[in-house]
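Q: Would you mind keeping the following structure in view while I ask a few things?
The values are calculated or read from the model by the stated rules, or taken from the named source; none is laboratory data. What you see is a predicted model, and the numbers here were worked out from it, not measured in a lab. Note that each Cβ is placed from the backbone with ideal geometry, even for glycine, and that neighbours are counted across all protein chains shown.
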Amino acid sequence: MIAHVSLHVSDMARSKEFFAAALHPLGYKVTSEFADYKVCGFGVDGNSDLWIDGNGVSRPMHVAFEAKNDEEVNEFHKAALAAGGKDNGAPGIRKDYSPGYYAAFALDPDGNNIEVVHHQK
């Protein structure tokens, strides 16, 4: 089980705003922030499982979040694009991945591929 993931970002304020908006449909919010260290944590119920780190930029990464239903996937995609993300895959079934794999993808301001998936039953 993964406890948390950190993404390096080039502009802390811009990325903080993006993730706060894009992940809001999943119940995420800023849970920790250490401005002196240029790090900010996001999570649900007070736990920070996504961290953004403004201390340098690395290659873009892929991070996937699990949604409770298709609507959360749709809302994530809409919120991510409204927050300045770039479409990297509209909401829909990905038959090549697995049956019932409903997902959407958006690139954050640094090109990280952010996915939200609902595994339909």
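Q: Could you tell me how many of the residues in region 28-56 are closer than 22 Å to LYS78 by Cβ and in contact with a helix residue (DSSP H, G or I) (Cβ under 9 Å, 6 or more places away or on another chain)?
A: Counting residues in region 28-56 that are closer than 22 Å to LYS78 by Cβ and in contact with a helix residue (DSSP H, G or I) (Cβ under 9 Å, 6 or more places away or on another chain) gives 7.
Q: Any residue at all in region 4-26 that is closer than 24 Å to LYS121 by Cβ, out of contact with any Ser or Thr (no Cβ under 8 Å at 6 or more places or on another chain), of a type in the set (A, V, I, L, M, F, W, C) and part of a strand (DSSP E or B)?
A: no
Q: Test ASP96 against the criterion of being over 20 Å from HIS4 (Cβ atoms), of a type in the set (Asp, Glu), modelled with pLDDT under 95 and out of contact with any Leu (no Cβ under 6 Å at 6 or more places or on another chain), and give yes or no.
A: yes
Q: Which residue is surrounded by the most Cβ atoms within 10 Å (Cβ to Cβ), if the candidates are limited to region 29-48 and must be part of a loop (DSSP other than H, G, I, E, B) and within 16 Å of the chain's Cα centre (by Cα)?
A: Per the criteria, the residue is SER48.
Q: Can I ask one more? Could you please tell me which pairs satisfy a Cβ distance under 7 Å, a separation of 6+ or placement on different chains, a first residue in region 1-26 that is within 23 Å of ASN74 (Cα to Cα) and hydroxyl-bearing (Ser, Thr, Tyr), and a second residue that is part of a strand (DSSP E or B) and at pLDDT 95 or above?
A: SER15/ILE52
Q: Among the numbered criteria (1) surrounded by 13 or more Cβ atoms within 10 Å (Cβ to Cβ); (2) under 17 Å from LYS121 (Cα atoms); (3) of a type in the set (Asp, Glu), which single criterion is violated by ASP53?
A: If we test ASP53 against (1) surrounded by 13 or more Cβ atoms within 10 Å (Cβ to Cβ); (2) under 17 Å from LYS121 (Cα atoms); (3) of a type in the set (Asp, Glu), just (2) comes out false.
This table checks each residue for (1) aliphatic (A, V, I, L, M); (2) surrounded by fewer than 20 Cβ atoms within 10 Å (Cβ to Cβ); (3) under 13 Å from the mean Cα position of the chain (by Cα).
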| position | (1), (2), (3) |
| --- | --- |
| GLU66 | no, yes, yes |
| PHE76 | no, no, yes |
| ALA80 | yes, no, yes |
| LYS86 | no, yes, yes |
| ALA90 | yes, yes, no |
| ARG94 | no, yes, no |
| GLY100 | no, yes, no |
| LEU107 | yes, yes, yes |
| VAL116 | yes, no, yes |
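Q: Does region 64-75 contain at least one residue that is in contact (Cβ under 8 Å) with a residue 60 or more places away in the chain and among the basic types (Lys, Arg)?
A: The answer is no; no qualifying residue exists.
Q: When you check GLY56 against the structure, is it over 12 Å from the mean Cα position of the chain (by Cα) and in a strand (DSSP E or B), yes or no?
A: Considered against the rule, which asks whether it is over 12 Å from the mean Cα position of the chain (by Cα) and in a strand (DSSP E or B), GLY56 comes out as no.
Q: So, one more: Filter region 47-69 for residues that are at pLDDT 95 or above and among the β-branched types (Val, Ile, Thr); which is farthest from ASN88 (Cα to Cα)?
A: Across region 47-69, the extreme among qualifying residues is ILE52.
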